Amino acid sequence: ILWSVPPQGHVPSLLSNPLGSIGNNPTYFSWLRIGVIFGYITPFVYLFKTILKGEKYLSETIAANIFLISCQIMTEEMSRKVLTPLPIRVLIPLIYNSLRMGPLYQWVLCWSSMSAFGKLLSLTNFVYWGVNLFLFLIPVASMRYLRSYFFCVEAEEVVVRD
């Protein structure tokens, strides 16, 4: 069993904020806001439009994406509240983002039944979540979470010896 907090009972700041200085960066918060707007709110509105038009397959692919994002938000909040160990906490966004790429790819492939706005929205979502997965979660966030857990230091403090 991996313990999430030291036996003394206090929670070091590195366990509550394993991203360290990135977690307080305004650029990071802007990136998250863009994800909420283009990855959650706008597809939700577009989902209602496709339901009203009767486009069943398109609405199912958009709904799968929204469902995965909703589950990810709920799971991340629950894991943060119960202080789940960091190696497991970093797996939550990694797994959900990996799973989300399938429905997003199906959404991009529905080009014949979409408006220009829908095509742009599907491409934007596919690119945003792909960049989030391959350029942030895997190389940056997972390393910071694991270093915070195993070494209890921020990623910049770890030095490789010659």
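Kindly establish whether Pro85 is closer than 20 Å to Tyr149 by Cβ and under 11 Å from the mean Cα position of the chain (by Cα). Here the answer is no, as Pro85 does not meet what is asked.
Out of all the residues in segment 46-58, which are open to solvent by 40 Å² or more (accessible area, probe 1.4 Å) and of a type in the set (Phe, Trp, Tyr)? Scanning segment 46-58 gives Phe48, Tyr57.
Taken together, Ser112, Ser59, Ser122 contain a single residue that is under 22 Å from Trp31 (Cα atoms), over 12 Å from the mean Cα position of the chain (by Cα) and of a type outside the set (Phe, Trp, Tyr), which is Ser122. Scanning segment 73-86 for residues that are open to solvent by 20 Å² or more (accessible area, probe 1.4 Å) and either assigned to a helix (DSSP H, G or I) or of a type in the set (Lys, Arg) (or both) gives Ile73, Met74, Thr75, Glu76, Glu77, Met78, Arg80, Lys81. Of everything in segment 124-148 that's open to solvent by 50 Å² or more (accessible area, probe 1.4 Å) and closer than 16 Å to Arg89 by Cβ, which residue is modelled with the lowest pLDDT? Per the criteria, the residue is Arg147. Thr61 passes every criterion in (1) exposed (fewer than 15 other Cβ atoms within 10 Å of the Cβ); (2) over 17 Å from Val36 (Cα atoms) apart from (1).
Taking the criterion of being at pLDDT below 95 and open to solvent by less than 50 Å² (accessible area, probe 1.4 Å), the residues of segment 31-45 that qualify are Gly35, Gly39. Considered as a group, the residues in segment 97-117 that are in contact with a helix residue (DSSP H, G or I) (Cβ under 9 Å, 6 or more places away or on another chain), assigned to a helix (DSSP H, G or I) and farther than 11 Å from Ala64 by Cα include one that is least open to solvent (accessible area, probe 1.4 Å), and that residue is Asn97.
When we screen Gly39, Gly102 for residues that are small (Gly, Ala, Ser) and without any contact (Cβ under 8 Å) to a residue 60 or more places away in the chain, the only hit is Gly102.
The values are calculated or read from the model by the stated rules, or taken from the named source; none is laboratory data. From a predicted model like this one, the values you see are computed outputs, not experimental measurements. Note that we place each Cβ from the backbone using ideal geometry, even for glycine, and neighbour counts take in every protein chain shown. Accessible surface areas use protein heavy atoms only, side chains included; no ligands, DNA or RNA. Shrake-Rupley method; radii C 1.70, N 1.55, O 1.52, S 1.80 Å.
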